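Coordinate-derived values only; no laboratory data. Everything numeric here is computed off the predicted structure, so don't read it as measured data. Cβ placement follows ideal geometry from the backbone for every residue including glycine, while neighbour counts extend to all protein chains displayed.
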Amino acid sequence: MSASPSSCCSALSSSSDTRVLPYSRDWLAERLRRNDCPPDDPECPRYTHPPERRPIPAAVLVPVVNQPQGPTLLFTQRTAHLQDHAGQISFPGGRVEEGDADRIATALRETEEETGLSRSQIQILGRLPDYDILTGYRVTPIVGWIEPPFDLTPDPFEVADVFEVPLQFFLDPANHRRQSAMREGLLRHYFAMPYGDRNIWGATAGMLHILYQLLAAKR
């Protein structure tokens, strides 16, 4: 499966910002600095923890890789035996630990532990709005820029695979499928963005939809 470059570019080129090129490191950083919170999708509302629930703080890295053919996003596929989100596709990340200075530190530490990617190769561009998930976490997505080449040594206990998908694929709204399923007796709505034989869905797809909203919004 592939994105339609013309539809992606037309949505992004409507921005009044002509100082930097779309998809460049500076363009992404400028979009993220505006710190907007996109509106909820009425057909696929985001889950929010109830006030009485104390969420578990966590962070993930949204790794943007500056490949010659265009930026890609880097994902991990979790191993099948893990207790949480076994076999699912996700961004590298995890819960905040006591020694973490902030959410950026959490995302960088977890990325290094899971994939072997050195934090020295990651330039932080900004963050997305916090994202609540049913398992109790409140996740802060940290967006980072990575220049190839780089070496990966995935943790075989946690990570079954590491792969990349072109950023343009996620900037085509035709690839954002809205699905639903019963969970804990309630009908839950979520996004799915299948790419070839990779089924990217749930919280990861929800964060990708927010990233799309931020990058494709008219200014």
Quiz prompt | Mean separation of Cα contacts under 8 Å (6+ apart) over length of the chain, as relative contact order % | solution = 28 percent
Quiz item: Residue by residue, what Karplus-based ³J(HN,Hα) values in Hz, rounded to whole numbers, does the range 168-174 have, using 6.51, -1.76 and 1.60 with θ = phi - 60° and x for Gly and Pro?
Solution: 4, 4, 7, 8, 9, x, 5
Quiz item: What is the spin-label model distance, in nm, from Glu164 to Asn66 if the labels are put 7 Å beyond Cα along the C-beta direction?
Solution: 1.2 nm
Exercise. Give the long-range amide H neighbours of Gln67: residues separated by 5 or more places, or on another chain, with amide H under 5 Å away, using H modelled in the peptide plane at 1.01 Å from N.
Key: Thr72
Quiz item: Tell me, what is the percent relative contact order of the range 87-177, built from C-alpha pairs under 8 Å that lie six or more residues apart?
Solution: 23 percent
Quiz item: Once you treat every alpha carbon in the range 62-219 as an equal point and sum by Debye, what is log10 I(q)/I(0) at q = 0.09, 0.14, 0.18 Å⁻¹?
Solution: -0.28, -0.72, -1.24
Quiz item: According to the square roots a ≥ b ≥ c of the eigenvalues of the Cα gyration tensor, what is the shape class of the range 107-151, taking rounded for a/c under 1.5, prolate for a/b larger than b/c otherwise, and oblate for the remainder?
Solution: oblate
Exercise. Would you order Thr140, Thr135 from fewest to most other beta-carbon atoms within 10 Å of each residue's own beta-carbon?
Key: Thr135, Thr140
Quiz item: Where does the range 40-144 land on Rg(C-alpha)/(2.2 N^0.38 Å)?
Solution: 1.12
Exercise. Please compute P(r) over all alpha-carbon pairs of the range 31-77, binned at 5 Å starting from zero, and give each bin as a whole-number percent.
Key: 4, 12, 11, 16, 25, 18, 8, 4, 2, 0
Practice problem: Between Asp155 and Thr79, with labels modelled 7 Å along Cα→Cβ, what's the label distance in nm to one decimal, could you check? | Solution: 1.0 nm
Practice problem: Once you have the Cα-Cα distance between Ala217 and Leu186, take 0.36 nm times their residue separation minus that, and quote the gain in nm to one decimal. | Solution: 8.0 nm
Quiz item: Sequence-distant or interchain residues sharing an amide H contact under 5 Å with Val143, placed H: which?
Solution: Val62, Leu125, Gly126, Arg127, Leu128
